[in-house]
1. I need a count of the residues in region 73-131 that are more than 20 Å from Y141 (Cβ to Cβ), out of contact with any helix residue (DSSP H, G or I) (no Cβ under 9 Å at 6 or more places or on another chain) and of a type in the set (D, E, K, R).
2. Among the residues of region 1-25, how many are surrounded by 14 or more Cβ atoms within 10 Å (Cβ to Cβ) and under 24 Å from the mean Cα position of the chain (by Cα)?
3. I'm trying to understand the selection: among the residues of region 124-179, which are more than 20 Å from the chain's Cα centre (by Cα), assigned to a helix (DSSP H, G or I) and surrounded by fewer than 16 Cβ atoms within 10 Å (Cβ to Cβ)?
4. Considering region 54-87 alone, what residues qualify as being crowded, with 19+ Cβ neighbours inside 10 Å, modelled with pLDDT of 90 or more and in a loop (DSSP other than H, G, I, E, B)?
5. What residue, of L41, L6, is in contact with a Lys or Arg (Cβ under 8 Å, 6 or more places away or on another chain), under 19 Å from S176 (Cα atoms) and at pLDDT below 95?
6. Please tell me if A163 is assigned by TED's automatic domain parsing to the domain that holds A33 and in contact (Cβ under 8 Å) with a residue 60 or more places away in the chain.
Amino acid sequence: MIDRELVIKQAQVNVDAKARKRTEAWNSSYQFAVLELGSYLVKKSRITSQDISVAVNDRTVVIPGSNTDISQIYYIKYGTGSDQAVMDYVDLDIFLKDYDSPSQAAGTPTKFTYIGDSNGSPEIKFDCPVSSATTITVWYYRDVNEMDIRDIEGPALVYFTKAHFYGMETQAGAASHAAARQLVLGARANDKPIRNEESGFVQSREDRSIANTRWNRRNDR
């Protein structure tokens, strides 16, 4: 079973005795490594949900929680009971052009976009104001923690820890980070893809980058 002690111990292999004694730096590097690794690995175990009340004529809704959650929304369900329906995500540029009329009459929204932050929490906007008070259920990938790391992801975590310890601006840090990214590709190959086509799953920039790298390498063979 992979854990903090094992990861740090492995990351310290070939590190001089003086550097190994920097316990606080190793612990903080490990914590940043867990967060970075989690940004590349999206798994069902991280999906959670919350219900949010929406008042009459509301068109914007603040989602309590971390801003990082909004970049990994699985889907949003609008309404309750038999009237509940999955909303479609629309990129902001398209939303502003096609669905952002200030004179739009109240009704039942079917689309949403991410418009930014509100006091540190993500905020979304509907294609129309709501005609009656209701509830939306937001399903999203929560922030990663070390309990989410699988054994197969351990090698990547080791090198991410080394990278953050040395600093990405250093030669050793850059080399460790490059090695970690390569190991992530192998770990991701064991993940089953999770995507909700109906809602337009919001894929992170890093996920898209890794997917493109794998595609390019496969087609270069």
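1. 5
2. Going through region 1-25 one residue at a time, the tally reaches 3.
3. D151, Q171, A172, A174, A175, A178
4. Scanning region 54-87 gives a single hit, M87.
5. On the way: L6 fails: in contact with a Lys or Arg (Cβ under 8 Å, 6 or more places away or on another chain).
None of the other options fit; the residue is L41.
6. The answer is yes for A163.
Yes/no per residue for (1) in contact with an Asp or Glu (Cβ under 8 Å, 6 or more places away or on another chain); (2) assigned by TED's automatic domain parsing to the domain that holds A178; (3) among the aromatic types (F, W, Y):
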{"site": "S118", "(1), (2), (3)": "no, no, no"}
{"site": "S121", "(1), (2), (3)": "no, no, no"}
{"site": "K125", "(1), (2), (3)": "yes, no, no"}
{"site": "S132", "(1), (2), (3)": "no, no, no"}
{"site": "P155", "(1), (2), (3)": "no, yes, no"}
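One line per residue, one yes/no per condition, for (1) modelled with pLDDT under 95; (2) on the phi > 0 side of the Ramachandran plot; (3) not hydroxyl-bearing (S, T, Y):
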position	(1), (2), (3)
Y89	yes, no, no
F126	no, no, yes
P129	no, no, yes
N145	yes, no, yes
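The values are calculated or read from the model by the stated rules, or taken from the named source; none is laboratory data. Just so it is clear, the structure is predicted and the values come from calculations on it, not from any experiment. Cβ sites come from the backbone with ideal geometry, for glycine too, and all protein chains shown count toward neighbours.
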